[in-house]
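Each remark here refers to the structure printed beneath this line.
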Amino acid sequence: MRYLVREKLFAVGDDYWIEDDRGHKAFLVDGKVLRLRDTFELKDAHGRVVAVVREKMLTVRDAMRIEDADGEVVATVREKLFTPFRDKYLVELASGGELKIHGNLIDKDYRVENQHGDELARISRKWFRIRDTYGVEIADGADAGLLLAVAACVDHLVQEED
């Protein structure tokens, strides 16, 4: 499944829809205001919370936590300690293991892989001619909510870095 995401989508206080490849509203990003740290809720088309993304405070490396609807942390997106070239972030899963993020983060042309090297998501600006837009292609059977939340975290962390 491929999703259409508008850049600067995850600005705090702003609400935006992520559309599927047929142009249907698939997920709502609900930016929360008046919070000490940046917080976003990812909701499905029916308004159910799929994930809550919170900036992790007081950390040496930039990090964001992804929680499920019950407030349980399912993943943490953080900067790597050693960052050779473009591979700068990784996703630590609460269930164990990690996801690797490879590619050009600034130009939005990267992929998310599991520990075995299987591609779970591909994020690219190249698929669309619309300005300030990029696509997130999710592999069959992969958790779309989690991977869209990961893309949101990377987008936010890279944006903060600039």
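A simple spin-label model places pseudo-atoms 7 Å from Cα toward Cβ; at residue 119 and residue 92 they are separated by 2.8 nm. For the residue pairs 88/126; 43/88; 25/80; 80/108; 100/126; 88/108, the C-alpha atoms sit more than 24 angstrom apart in 43/88; 25/80. Taking the Kirkwood radius as Rh and the Cα radius of gyration as Rg, the stretch 88-152 has a ratio of Rg/Rh equal to 0.97.
What FRET efficiency do you get for residue 140 and residue 24 if R0 is 22 Å and r is their Cβ-Cβ distance, rounded to the nearest 0.05? Can you show the working numbers first?
Values: r = 18 Å, r/R0 = 0.84.
Efficiency for this residue pair is about 0.75.
Laboratory data are not the source of any read-out in this text; all were calculated from the coordinates shown. Given the structure is predicted, the values throughout are model-derived calculations rather than measurements. We place every Cβ from the backbone using ideal geometry, glycine too, and count neighbours over all the protein chains shown.
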